[in-house]
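A short write-up of the structure that comes next.
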Amino acid sequence: MALKIIDHDSPEYRQMVEFRSQMLRKPLGLTFTKEDLDAEKDDILIGCFEDDELEGCCILTQTAPKTVRLRQMAVSSGLQGKGIGRVLMSFAENIARDRGYRRLTMHARKSAVGFYEKIGYRICGEEFEEVTIPHHEMEKEL
């Protein structure tokens, strides 16, 4: 398993966009716009690869000087529960720490809250709907 930061608009980034589209958007009847993707130019794009095949990914977006927000976290359906998400989160947290961030936040799908709680995140707000499904804001001090 290789974890790495992906360059925006690289072949790996295009693979990541397709992966996120299949895993996160299409099941909800949603797509990415050019503006959605252009807005990711300054984000930290992270991928988990096995033999050049993307198995998981996430994005870190700065929201305040010392705060970064996790977005678009996804792991291949057949590989969920095998530790890839945990390794991906650990890598993302280390990258954030190394770049001077002290807090990581996210809008977690309600179905994933238990996973994030197990790795130290806490709910910090009421349930809300985003992209047609229930979410909770969660955070962790790095």
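Couplings 3J(HN,Hα) of region 36-46, computed from phi: 4, 6, 4, 5, 8, 4, 9, 7, 8, 9, 10 Hz, in residue order, whole Hz [Karplus 6.51 cos²θ - 1.76 cosθ + 1.60, θ = phi - 60°; x for Gly and Pro]. Within the chain, DSSP assigns beta bridges of which about 90% are antiparallel (rounded to the nearest 5).
Backbone phi angles across region 82-97, fed through the Karplus curve with coefficients 6.51, -1.76 and 1.60 (θ = phi - 60°), yield HN-Hα couplings of 10, x, 5, x, 5, 5, 4, 5, 4, 4, 4, 4, 5, 4, 4, 4 Hz in residue order; Gly and Pro are listed as x.
If a/c stays under 1.5 just call it rounded; otherwise compare a/b with b/c (prolate if a/b is bigger, oblate if not). Do that for region 4-74, with a ≥ b ≥ c from the square roots of the Cα gyration tensor eigenvalues. Verdict is oblate for region 4-74.
When every alpha-carbon pair in the chain is counted, what percent end up more than 22 Å apart? Here the long-distance tail beyond 22 Å is 36 percent of all Cα pairs in the chain.
Residue by residue, region 117-123 carries 3J(HN,Hα) couplings of 4, 5, 10, x, 8, 10, 6 Hz when phi is fed to the Karplus relation 6.51 cos²θ - 1.76 cosθ + 1.60 (θ = phi - 60°); x denotes Gly or Pro. Of the trypsin sites (Lys or Arg not before Pro) found in region 1-93, the ones in coil according to DSSP and having at most 16 other Cβ atoms within 10 Å of their Cβ are Lys41, Lys66, Lys82. By the compact-protein rule of thumb, 2.2 N^0.38 Å, the alpha-carbon radius of gyration of region 34-102 corresponds to a ratio of 1.16.
Readers should treat all values here as calculations from the given coordinates under stated rules, not as data from a laboratory. In this text the structure is predicted, and so the values were computed from the model without any measurement. In this analysis, Cβ positions are derived from the backbone assuming ideal geometry, glycine residues included, and neighbour counts consider all displayed protein chains.
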